Structures are given as C-alpha cells and as structure tokens.
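One structure is given here, and the rest of the page talks about it.
Read-outs: derived from the displayed coordinates by stated rules, not from any lab. Keep in mind that what you see is a predicted model, and the values were worked out from it rather than measured. Reconstructed Cβ throughout: ideal geometry from the backbone, glycine too, with neighbour counts over all protein chains shown.
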Amino acid sequence: MLDLIIKGGRVVTSEGVAEMDVAIQGERIAALALPGTLEGEVRRTVDARGKVVLPGGIEPHTHIGIPVPETWAGRPEVITQPPEAASRAAAFGGVTTFVDFSGGLSIAPGERPTSDPIMLEVEKRRQAFAGHSYTDFAYHHILAGEVSDATIGEIREAIQSGLASFKIFTTFHSSRVPYGHLMAVFEEVARGGGIMAVHAEDDDLVTYMTEKLKRVGNDQGYNLHLVHSNVSEDLAFRKIIRMAEHAEVAIYFVHTTAKEGVAAIAEARAGGQPVYGEALHNYMEFTSDDYRKPNGTKIHTYPAIKYADDRDALQQGLVDGPICTTATDEYTTNKDVKFWGDTIETVCGGHAGIETRMPVTWAKMVHTGRIGLERFAAITSTNAAKILGMYPQKGAIAVGSDADICIWDPDLRKVLTLDDLHHDGDYSIWEGFECNGYPVMTILRGKVIVEHGRLVGSASDGRWVSRKVASAVLASPIV
Ligand SMILES: [Zn+2]
C-alpha cells in the first residue's frame, strides 16, 4: 500500500513541468504517473489541482544558534535564533533542508576561531541540532585564520565522512585565511573531492575604507557599501578564481553582491571553470539607498547591499546562469540587537530569511515572467543540491529521491506581516512585501510537516544529511 499520493498538481521535474500524480512510499518517491493512473490502496491522498508541486526548498546558507559578537549586539551572550525556530520558519516557507556551518562560528573582529578537530566540531553541531529541527540539515565547515598542517591533514577524511564543503573568508580579521594557507586548503579540498564556499572581499580595501571613513567622520552604517565595495568584490572574486584554477578546485561564491562579481563568475564559467554563484533574496529587492531610511541598516547582510544595477545584474544572473542559487545568510536576532549598531563596524549582520526566500524569489522572478517553474525549482532547490552534494537524494522530484516536497499555490496573494511569519525575532524586513504565490504544504521525507497553515511535524524529524559532490559538478559548470 502506498503512503501518500499527491494528485493532479503541476509537477516540476528535471524532465519538465507536467500534470502528474506523485506516489510516496515511506520516505521516498515511489512513482510518477499520468493523472488518475496509479492503482491500488493508499493511506492518504492530497489534492494538488491548481497547485505547483516543487522539490522541497534547499537553503544553502544559514547561521542558526550561534553567538552574536558583542561588537554587533552591544552586549554579551546574544545567540541567533535556535534550530527549533529557524527550522519551523523554514518548514512554513517550503524549505526541507538547510545548510548551516560548523567550525569557526564567529566572523567579527576580536573573536577567536576554534581549533578542535574538524569532525569533532561537526559532531558538536550535529548534537546541537539533533532532536531540535523540523527539517533536514547539513554544515559547511568553516576554516578560519591560519590553517594548521594538522587541520589540512583532516580535510580528506572529513569529506569522506560526508562533509563535502568548506567555507573560508578573505576578510574579517581573525577569520581571514591568508592566501598561502588558502592555496593549501584549496589543493587539499580538490584532492578530496570537496567544494569551497567562499566569502570573497579584498581585505586591504575593506580595512583601508573602514579606517578612512572613521577618520573623516563618515562611518555611519549607511555607508557600508563604500567599505564592502564593488571594486573589492571585483578583485577578490578574480583572485579566488585564479587560485582555484591553479588548485583545480570548484568554487561556490556565497552572497554575490555586485555586477562585477556576477561578471567574474560568468567569465570563469565561459572558460569551463566550475564556479557557482549565490544571491541573497534581500539583494534582489533593496539598494544601498534603503540604508538611509530610519533603521535602514536592518536590511543589511555582509558584505553590503549595493546599487540598482548590481541588483539587476544579480537578477539577470539568476535568469541566465552565473548565479545558480538563492540563499538568505539567515541570522535572526531581535530589533534591540539588529538596530543597536549604527556604524560601518557595528551593524549586525543578517536577519530572518529562511521562510521568505522562496515567496520573494517567486514574486521577483516568476510572477514578473522572468523565469519559469523549472528555473525556479533550480535556483531554490535543485542547484544547491547538486553543487553541495545532495543530489538526487535531495532537490529532485524523481523516483527514489527523498519525498521532500513543497506544494505551492501560484494564486495565493499575501502582503506579508510579522504575524504571517514563524521565526523567533520581533521584526521582519519583509513586512509589507507583496507575495503573489506562496507555499501551502511542506512534506519532509514523506511526512507532511506543514499544512493548512499549521505545523504538524516534530522537532525530532530533521536529520543531518551526508553529502558528496558529483565529479561532474567539480569538473565544469554543469548548473
Ligand atoms: Zn553567512
């Protein structure tokens, strides 16, 4: 007997979009069939007529349950929202898997990176999330500062243990990995078959502009884009791309923010290099002009939101390729923290995003006619699964894949208020945003976890996902 059939929806698969019935047995997709042709008994049927059936969303970039640096919070012992709250918001937003971080968790000045063995760090995070997540989860591992030979010696084993991706920063004081160390990391990750997630900024330019703006009294938060600038992204992306070409390592640029970054990725890909870009959904909506509004830096995530032509380049990148995924850099705090710092060094990074990423992307890209359903599935789920080594277990509606599904109502119009959202924070930068299409049911490995606006899953449902990147993804830009 089948456990669940989703009937009559427009199903988005790698073959295209078609009206189909989706049969689920246990945790997996058992069959895809023409409407009405599935035979036999079934425990439950979901009527999806008029709806779109998508692979469950994959959010590739979150910071959940970590200490907020005192330089950003104004006080010690502030923690971003815990996994229960973030994964609850994720489930309501059609997301079934998120990728958070293990290792050096703080990115702010003065914080010291940790130095425990890689898999011990991963295990600590797994224990913190196990039993506390409504959705599945994984971690990029952060390597910070000068990376010891001993740590580099652990990389291949970590990849074999299902880690797959490593994150580095090229700026932010103690988090910054010096280029010599970085080259050694790149080479070892390449040998092991992993991928690098890179936060690329030019540290010299960032440091110079920070000091200069302070010196002349222009260090207000609304000038963040002058510190974390277009030229900084241009130089840093190109340097990383050159190093990656020598090391033969694949690159996933987290939060691309500038037209120069998009162009650098596009050029590398045109030359056959496996380089993939990520865009955050706030960068698809706002510009640095919005920083000047009252409490305007609430929209900020590092590096910094730039100009209208950068926003347009990111959107175009999502249409035609170099930008492969959407993410949020999820980092949820309350207003008292987010609004505390108001200078280029003290504005807190991030905000709640995991729930709004798919509806905002739909409104900006699908509702406006810029992309179709297949590209929407690609940039909200499938590409992240492929690049980060979860495909086809995740990111696909296909026989044998995990039955992670988001049922989407393309006609549901909603002007977002804080009451519509399910994170722990007391504000949302998306209040007042008009959505024209919204997730209405979320299924994790065959279990309905959100339906009719209610959470029916359990915080013990989520599991850590072991990952391995396909060699084709590491060899050339296949998505
Ligand atoms: Zn981040």
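Placing +1 on the Cβ of every Lys and Arg and -1 on the Cβ of every Asp and Glu, with nothing else charged, gives the chain a dipole about its Cα centre of roughly 520 debye. In the chain, taking the dipole from charged Cβ atoms about the Cα centre, the farthest positive-side position among SER14, ILE265, THR361 is held by SER14. Based on Cα contacts under 8 Å between residues 6+ apart, the stretch 57-353 shows a relative contact order of 19 percent. Helical runs assigned H by DSSP (4 residues or longer) give the chain a calculated mean residue ellipticity at 222 nm of -7500 deg cm²/dmol, each run adding -39500 (n - 2.57) before division by the residue total.
Please report the projected area of the chain's Cα convex hull averaged over all directions, in nm².
Over all viewing directions, the chain projects a mean Cα-hull area of 20.0 nm².
Enter the per residue convex hull volume of the stretch 242-360, computed from alpha-carbon coordinates, in Å³ rounded to the nearest integer.
Convex hull volume per residue, Cα atoms: 112 Å³.
Averaging 1/r across all pairs of distinct Cα atoms in the stretch 274-342 and inverting the result yields a Kirkwood radius of 13.0 Å.
Need the list of lysines near LYS447 for cross-linking: C-alpha distance under 20 angstrom, and skip anything on the same chain fewer than eight residues off. Straight-line reach from LYS447, under 20 Å: LYS7, LYS51, LYS394. Extents of the stretch 352-405, largest first, come to 33, 26, 19 Å (Cα atoms, principal axes, whole angstrom). The count of lysine pairs in the stretch 57-353 with alpha-carbon distances below 19 Å, taking only pairs 8 or more places apart or on different chains, stands at 10. The share of Cα pairs per 10 Å bin across the stretch 179-237, counted from zero up to the longest distance, runs 21, 37, 24, 15, 3 percent. In terms of overall dimensions, the C-alpha atoms belonging to the stretch 150-289 reach 49, 33, 24 Å along their principal axes, ordered largest to smallest. The base-10 log of I(q)/I(0) for the stretch 1-98, evaluated at q = 0.22 Å⁻¹, reads -1.12 [Debye formula, identical scatterers on Cα atoms, solvent excluded].
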